[in-house]
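First comes the structure, then the notes that go with it.
Rule-based calculations on the coordinates, nothing more; no lab input. Everything quoted here is computed from the prediction, not taken from an experiment. Quick reminder, even Gly has a Cβ in these numbers, built from the backbone with ideal geometry, and neighbours come from all protein chains shown.
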Amino acid sequence: MQLPDAEEILIRLTESMRRDISPSTALVGIHTGGVWLAERLLENLQLPLSFGTLDVSFYRDDFARIGLHPQVRPSDIPFTVEGSHIILVDDVLYTGRTIRAAINELFDYGRPASVRLATLIDRGGRELPIAAQHVGAVLDVPSDKMLALEKSPGGTLSLSLYSKNRDDE
Amino acid sequence: MSSNPQLSTNGQLQHLLTTEGLPAPILLNILDTAESFVGVTERDVKKVPLLRGKSIFNLFFEPSTRTRTTFEIAAKRLSADVVNLNIAASSQSKGETLLDTVNNLSAMHADMFVVRHAQSGAAHLIARHVRPEIHVINAGDGRHAHPTQGLLDVFTIRRYKPDFRALRVAIVGDILHSRVARSQIHALTTLGVPEVRVIAPKTLLPAKVERLGVRVYHNMTKGLKDVDVLMMLRLQNERMLSARLPSTEEYFKYYGLTQEKLSLARQDAIVLHPGPMNRGVEIDSTVADGGQSVILPQVTFGIAVRMAVMSILAGN
């Protein structure tokens, strides 16, 4: 299956988001692909926005089935969540479960004024009533495949497809 | 595949009974996971929903307010339900056996036991006995092991001295009676600390202590030279079965950590103590409250390390 160029989609996503951003907007990337993406968005937007990262491992709904993620990274929200306008950033939107977990975690830092969602790829397959306000591209991906963002040592983003069976991405 | 009673057949951590024999990747996974919990404990909402619906029983057959409280806080911050049993004062005094107590609590659908017992091996006994879905954490058994203390100590060291391959660590005091010292030594050597020293009078060292991979010193002047980390131990009065020391005053004179003795170590050396401290016995107040002391951060990090252990076990 031919995958689109992540760098091209990133440019489109940046322009879509630019209209939605005010000085009180904060970008929050979800580990790991979402953090890479959020860093690049911040760079492209060239605005002094607040920036944070979330690792949703402690909020996932599949802990009882698969246990703790083997590599949990610290979440880092260095701004005041209370009253802020947050745009969550993730690489691939699929079931919506990761976003559910991210919203729950965010609310343990405070009550944001609003939360919106930006994603590079929407691959459908939602299991929860979650939608992204900013979508780089819509892509039909077979359900036995996993789509993930990768970052080259030089910082270039690209998409990869795996046969690995992971049901929440 | 594994004969280690702490590990499942596929090498996952099932129980935490001792740091001895635990592979470095498992120790590092606990430390790395604890880093993420440090952030959680600094938020306004110091709680995550990970262990919602799980029941954790603190079985303390030996009194310990501090350790029990840190396990209780850790479990509550993971949203588990915690039941504290001070068994020294309950059924056991009516003659119930250890395993009968455990059977009764298992019948109440316990998911995890945190066990403190004066007998070495008590937590192992319980771990062998319980159903496979129940996890056991050793919170101190006799002179044997106190793994979460050993782990929180290496976690604290890593926070201040991240490169373990360049460290000299000295453990000072009552090594003989100390389960903490054993857990520290195993964790430090597994994680690649090249030089672990023990400093103590001969009467407070176990026979053949060198076999644990440590260098033995009987004298602070030699033992503290060029040391990066000093891990002080509590003089365990309640464990002194016979008079092994002339007096606590004399002990302080030779082995108590004063500012003067601390100056023999490296200038940026840090000082740890597992608590509770005997000021003026093993440590002087000026050191305990001084700039090189990381004794209170140890307490804070202890919660995060215990949260990490509980959540890794509950997920395996």
Residue range of chain B that is longest and free of GluC sites (Glu not before Pro) which are both DSSP loop and sparsely packed (at most 13 other C-beta within 10 Å)
B:134-316
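Taking the Cβ of B:Gly291 as the centre, find all other residues whose Cβ is under 15 Å away and add up their charges (Lys, Arg: +1; Asp, Glu: -1).
Working: positive: B:Arg266; negative: B:Asp268, B:Asp284, B:Asp289.
Net of charged neighbours comes to -2.
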Taking neighbour counts of Cβ atoms within 10 Å as a proxy for exposure, in what order, fewest first, do B:Asp153, A:Asp62 appear?
A:Asp62, B:Asp153
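Just to be sure I understand the rule: take each whole DSSP H helix in chain B, project its Cα atoms onto its long axis, keep it if the span is 24 Å or more and its mean Kyte-Doolittle hydropathy is at least 1.0. Which ones pass?
Numbers: long enough: B:24-41 (25 Å, 1.14); B:295-315 (30 Å, 1.61).
Helices meeting the criterion: B:24-41, B:295-315.
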Scoring only Lys, Arg, Asp and Glu (+1, +1, -1, -1) among other residues with Cβ under 13 Å from the Cβ of B:Gly280 yields -2
Got a sec to turn the phi values of region A:136-145 into Karplus ³J(HN,Hα) couplings, 6.51 cos²θ - 1.76 cosθ + 1.60 with θ = phi - 60°, whole Hz, x for Gly and Pro?
x, 7, 9, 9, 8, 10, x, 6, 8, 10
Order of B:Asp44, A:Asp76 under a 10 Å beta carbon neighbour criterion, fewest first:
B:Asp44, A:Asp76
Fewest-first sequence of A:Met1, B:Met277, B:Met310, A:Met146 by Cβ atoms within 10 Å of each Cβ:
A:Met1, B:Met277, A:Met146, B:Met310
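Remind me, relative contact order of region B:103-170 in percent, using alpha carbon pairs under 8 angstrom and six or more residues apart? Present the calculation step by step, with values, prior to reporting the outcome.
Values: 70 pairs, mean separation 18.7, N = 68.
Relative contact order for region B:103-170 comes out at 28 percent.
Out of the DSSP beta bridges found with both residues in chain B, what percent are antiparallel (nearest 5)?
Details: 2 of 37 bridges.
The antiparallel fraction comes to roughly 5 percent.
So if I average 1/r over every pair of distinct C-alpha atoms in region B:182-259 and take the inverse, what Kirkwood radius in Å does that give?
Numbers: mean 1/r = 0.0726 Å⁻¹.
It works out to 13.8 Å.
What number, in percent, do you get for the relative contact order of region B:10-128 if the mean sequence gap of Cα pairs under 8 Å and at least 6 apart is divided by its residue count?
Numbers: 119 pairs, mean separation 34.0, N = 119.
29 percent.
Please compute the volume of the convex hull spanned by the alpha-carbon atoms of chain A and report it per residue in Å³. Could the numbers behind the result be given before it?
Numbers: hull volume 20.0 nm³, N = 169.
Spelled out: Cα convex hull of chain A, divided by residues, is 118 Å³.
Report relative contact order for chain A in percent, whole number only (criteria: Cα-Cα under 8 Å, sequence separation at least 6).
Numbers: 322 pairs, mean separation 40.3, N = 169.
About 24 percent, as a whole number.
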By the gyration tensor of its Cα atoms, with a ≥ b ≥ c the square roots of the eigenvalues, what is the shape of region B:167-316: rounded for a/c under 1.5, prolate for a/b over b/c, or oblate?
rounded
GNM top mover of A:Pro112, A:Pro153, A:Pro23 - chain A, alpha-carbon springs below 10 Å
A:Pro153
Run lengths n ≥ 4 of DSSP H only: what is the helix-derived mean residue ellipticity at 222 nm for the protein assembly as shown, with -39500 (n - 2.57) per run over all residues, to the nearest 500?
-9500 deg cm²/dmol
Rounded to the nearest Å, the spacing of the alpha-carbon centers of region B:156-177 and region A:72-101 is 37 Å
GluC sites (Glu not before Pro) within region A:2-86: which are DSSP loop residues with at most 11 other Cβ atoms inside 10 Å?
A:Glu82
Nearby lysines by direct alpha-carbon distance to B:Lys54 (threshold 28 angstrom, same-chain neighbours under 8 apart not counted):
B:Lys46, B:Lys76
